[in-house]
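Peer 1: Here it is, the structure in full.
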Amino acid sequence: MQRIAVLTSGGDSSGMNPAIRAVTRKAIYHGIEVIGIKRGYTGFIEGEMSLLNLGSVADIIQRGGTMLFSARSEEFRTPEGRKKAFENVERFGIQGLIVIGGDGSFRGARQFHKEFGLPIIGVPGTIDNDIVGTDYSIGFDTAINTVVDAINKIRDTATSHERTFIVEVMGRDTGFIALTAGLAAGAESILIPEKPFSINDICHKLMQGHKRGKLHSIILVAEGASDSFDVASQIKEKTGFDTKVIILGHLQRGGAPTAYERVIGSCMGAKAVELLRNGEVLKMVGMQAGKIVALDIEDSALKKKPIDMDMYDLANILSI
């Protein structure tokens, strides 16, 4: 293999830059040229590609986001769009592709490989951590640290004004960010899409805390679990507590990647190059029990990752 390409697709996540850096430098170390594709599948279709060298990826390991930029491409969902992308594969002499992104990006990669046979390796990059098969996705650690840091600050004003705060976090239709950050930050209640909740139970817990002198409460809500303003309204109506809503939104995606993120992003990027060199054609790099492994991309593209209900139960127990 003499020339490969790398792109980032879907939502950006801190840790993508360390992965791009590792892909580029690992490939160059083995005498393989690397083409950087800008703006994900959109750039793939439009030919926004350029050769990367060692200097191209200097001083990016500490930067959030992605130096290759990212975009969602409706055109790539069509046979005509994918055909245009393959014309650029031939034009630039690309013999293998590394896609850093989430499950939607992997579905696109899977379809493209089936139609044109290009060897493709996926690297899980999403703050949602919802990719089947891997314990960890690039961006998750930085995102939950951002959420925990925000909650620490919110607690200060919550205590000062004796308020209940509803903190809404991202995650689409999964609760990995809410659950992990909620456990780490000691949230009183955690609402996730995977588990039905009772507003009466939440209010009962708040009232019990108030009776024993608790000055404030934090309720973490995954965006796919419920309308945060509706939750706040019901709590205020049933308890009389002053209740405010904070939506952290895209704040969770940005920021310098954590040390852990930089290490895992580097290891996953390097592993992706190794898989291409070894002749793999449609695999995903993942982490299982602390080890970097190769997985079948079919599962990650088509299945839904279950949440750890033992962790959910523990969070409830510790928040009594």
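Derivation of every value follows stated rules applied to the coordinates shown; laboratory data play no part. Here the structure is a predicted model, which is why all the values come from computation and not from measurement. Note that we place each Cβ from the backbone using ideal geometry, even for glycine, and neighbour counts take in every protein chain shown.
Peer 1: Given a 10 angstrom Cα cut-off, can you work out which residue in I138, I32, I120 is the most mobile in a GNM of the chain?
Peer 2: I32
Peer 1: Let me ask something else about it. With +1 on each Lys and Arg Cβ and -1 on each Asp and Glu Cβ, and nothing else charged, work out how big the dipole of region 142-254 is about its Cα centre, in Debye to the nearest 20.
Peer 2: On the way: 13 positive and 13 negative charges, 71 e Å.
It works out to roughly 340 debye.
Peer 1: Would you mind ranking R253, R91 by Cβ crowding within 10 Å, fewest neighbours first?
Peer 2: On the way: R253 20, R91 10.
In order of increasing Cβ crowding within 10 Å: R91, R253.
Peer 1: Pairs of alpha-carbon atoms within less than 8 angstrom and 6+ residues apart define the contacts here; what relative contact order does region 172-320 have, in percent? Walk me through the numbers on the way to the answer.
Peer 2: On the way: 133 pairs, mean separation 39.0, N = 149.
Relative contact order for region 172-320 comes out at 26 percent.
Peer 1: When the dipole is taken about the Cα centre of the chain, and only Lys, Arg (+1) and Asp, Glu (-1) are charged at their Cβ, what size is it in debye, to the nearest 20?
Peer 2: On the way: 37 positive and 38 negative charges, 95 e Å.
Here the chain has a charge dipole of around 460 debye.
Peer 1: Calculate the spin-label point distance for Q2 paired with T78, positioning each point 7 Å from the Cα along the beta-carbon direction, and give it in nanometres.
Peer 2: So the two model labels end up 3.5 nm from each other.
Peer 1: Here is a further query. Given R₀ = 56 Å, what would the calculated FRET efficiency be for R63 paired with Q234, taking r from the Cβ atoms and rounding to 0.05?
Peer 2: Working: r = 41 Å, r/R0 = 0.74.
Efficiency, from the Cβ-Cβ distance: 0.85.
Peer 1: Under the definition of Cα pairs under 8 Å and six or more residues apart, what whole-number percent is the relative contact order of region 142-254?
Peer 2: On the way: 197 pairs, mean separation 46.5, N = 113.
Rounded, it is 41 percent for region 142-254.
Peer 1: Shifting gears a bit: Find the centroid of the Cα atoms in region 21-46 and in region 210-238, then give the distance between the two in whole Å.
Peer 2: When both Cα centres are located, 46 Å separates them.
Peer 1: Still on this model: Could you pull out every whole DSSP H run in the chain that spans at least 24 Å of Cα extent along its own axis and averages -0.5 or higher on the Kyte-Doolittle scale?
Peer 2: Working: long enough: 140-161 (31 Å, -0.12); 259-277 (28 Å, 0.39).
Sorted by number, the helices that extend far enough and score high enough are 140-161, 259-277.
Peer 1: Suppose the chain between D313 and F116 were pulled fully straight at 0.36 nm per residue; how much longer would it get relative to their current alpha carbon spacing? Can you show the working numbers first?
Peer 2: Working: separation 197, 0.36 × 197 = 70.92 nm, distance 4.61 nm.
Separation in residues times 0.36 nm, less the Cα-Cα distance, equals 66.3 nm.
Peer 1: When the chain is treated as a GNM, springs tying every alpha-carbon pair under 10 Å, which of S233, S266, S217 comes out with the largest mean-square fluctuation?
Peer 2: S233
Peer 1: Right, next: List the lysines whose Cα sits under 16 Å from the Cα of K236, skipping any in the same chain fewer than 8 residues away.
Peer 2: Those lysines meeting the cut-off are K205, K244.
Peer 1: Compare G133, G40, G55 in a GNM of the chain, Cα atoms joined below 10 Å, and give the one with the largest fluctuation.
Peer 2: G55
Peer 1: Another question about this same structure. S217's amide H: which non-local residues (gap 5+, or another chain) put their own amide H closer than 5 Å, with H modeled 1.01 Å from N in plane and none for Pro or chain starts?
Peer 2: R163, T164, F165
Peer 1: If each residue's Cβ is checked for other Cβ atoms within 10 Å, how do E188, E46 rank with the fewest at the top?
Peer 2: Details: E188 22, E46 16.
Listed from fewest to most nearby Cβ atoms, that is E46, E188.
Peer 1: Also: Find the Cα radius of gyration of region 142-254, compare it with 2.2 N^0.38 Å by division, and give the number to two decimals. The partial results should precede the final answer.
Peer 2: Details: Rg = 12.9 Å, N = 113, 2.2 N^0.38 = 13.3 Å.
Output field value: 0.97.
Peer 1: Between G209, S189, T174, whose Cα lies farthest towards the positive end of the dipole of region 142-254 when Lys and Arg beta carbons carry +1 and Asp and Glu beta carbons carry -1, centred on the Cα centre?
Peer 2: The Cα lying farthest towards the positive end belongs to G209.
Peer 1: Using amide H atoms built in the peptide plane, which far-off residues or other-chain residues are under 5 Å from V293 H to H?
Peer 2: Excluding prolines and chain starts, which carry no amide H, the hits are G286, M287, Q288.
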